[in-house]
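**Q** So that we are looking at the same thing, I have put the structure below in structure tokens.
The values are calculated or read from the model by the stated rules, or taken from the named source; none is laboratory data. Bear in mind the structure is a predicted one, so any value in this text is a computation, not a measurement. Positions of Cβ are backbone-derived with ideal geometry, glycine not excepted, and every protein chain shown enters the neighbour counts.
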Amino acid sequence: MFMNILRIAALATALVAGAAGAQTPIVVGGKNFTEQQIMAEMTTRLLEKAGYKVDKRAGMGTAVLRAAQENGQVDVYWEYTGTSLVTFNKVTERLNADETYKRVKALDASKGLEWLNPSAANNTYAFAMNQDQANKLGIRSMSDLAAAVKKGQALTFASNAEFYSRSDGLKPLQALYSFEFPRDNVKRMDSGLTYQALKDRQVDVALVFATDGRVPAFNFVLLADDKGFFPAYALTPVVRASTLKANPKLADQLNALSAKLDDKTMARLNASVDVEKKTVEAVAEGFLKQAGLL
């Protein structure tokens, strides 16, 4: 009798282990820069806490990651609405944030991808200045910058090569705001170097990303894009529709994280890694605990 009880217990344990082992893991993707590495790590920990098996694949390029998701090799990652609008769907018309989200949600649904709730974190391009110089010159917006340049203020601008030359980059921005930096006042360099050039006052204005941690760390001020030139790049969880169907609670779980994110939060998290040199794992865990999600 005792041996039969042991056999039954062993069989039950094996069945539970077998069911757990058979669970299909959710593949979480991420791109190859700090913000994306943080999001992939936070998503992995959040889903593991909820009982999912997770296979994290971070450090991928944008095009490769998107193709992997469309092909069913990645189930979820955090994408930017403007990236899908412009890069993946080739939409060229200027849309506001809400229109951008609705458009990419509809376009990507036809590809089997579901956009969940967008966060308030908008990692769009932005122009930045050192706060003290912006205050001294009275520049708070792109229109203020345009007015200063047109009045003869000799301001130098650090741009990456892509933004300088692309058809939806510097030239149309200057056309919209009716000004133009003199050619010699535009300094082209790698994206990461624009921050250091501005911090070291080698330039007066720099192209940055709005949620980059170096913006608050270096005491930069972002100029308001008051005419809405830059597309919205709302950080949003995107999931394969088939994955959501197989995991009905997944949308609510990811939306709970999305609701906790905004520009200030992401800039702080990015700075923790890029400036304070904390590990991605420590930053992700710390935030989830602070947000009550872990």
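**Q** Where in the stretch 192-291 are there strands (runs of 3 or more DSSP E), lying fully within it, with 2 or more residues that are more than 30 Å from Leu145 (Cα to Cα)?
**A** Answer list for the stretch 192-291: 235-240.
**Q** May I pose another question? Just give me the residues in the stretch 48-88 being among the polar types (S, T, N, Q) and at pLDDT 95 or above, in sequence order.
**A** Gln69, Asn71, Gln73, Thr81, Ser84
**Q** Please state which one of Ala97, Ala63, Ala134 is under 19 Å from the mean Cα position of the chain (by Cα) and surrounded by 14 or more Cβ atoms within 10 Å (Cβ to Cβ).
**A** Ala97
**Q** Considering each of Asn247, Asn219 in turn, give the residue that is exposed (fewer than 15 other Cβ atoms within 10 Å of the Cβ) and of a type in the set (S, T, N, Q).
**A** None of the other options fit; the residue is Asn219.
**Q** Evaluate the following for Phe209: is it surrounded by fewer than 19 Cβ atoms within 10 Å (Cβ to Cβ) and within 16 Å of the chain's Cα centre (by Cα)?
**A** No: the conditions fail for Phe209.
**Q** Limited to the stretch 66-85, what total is found for residues that are touching a Ser or Thr at 6+ places or on another chain (Cβ under 9 Å) and crowded, with 19+ Cβ neighbours inside 10 Å?
**A** Total meeting the criteria: 11.
**Q** In the stretch 214-242, what count of residues is obtained for those that are farther than 18 Å from Phe33 by Cβ and of a type outside the set (Gly, Ala, Ser)? Working first, answer last.
**A** Of the residues in the stretch 214-242, the ones farther than 18 Å from Phe33 by Cβ are 219-232, 239-242.
Next, from what is left, pick out any that are of a type outside the set (Gly, Ala, Ser): 219-223, 225-227, 229-231, 239-240.
Number of matching residues: 13.
**Q** Now for a separate question. Mind checking whether some residue in the stretch 196-204 is assigned by TED's automatic domain parsing to the domain that holds Lys150, modelled with pLDDT of 95 or more and closer than 14 Å to Thr34 by Cβ?
**A** No, the stretch 196-204 contains no residue that is assigned by TED's automatic domain parsing to the domain that holds Lys150, modelled with pLDDT of 95 or more and closer than 14 Å to Thr34 by Cβ.
**Q** I would also like to ask the following. For residues that are over 20 Å from Leu173 (Cβ atoms) and charged (D, E, K, R), tally how many sit in the stretch 81-137.
**A** Number of matching residues: 9.
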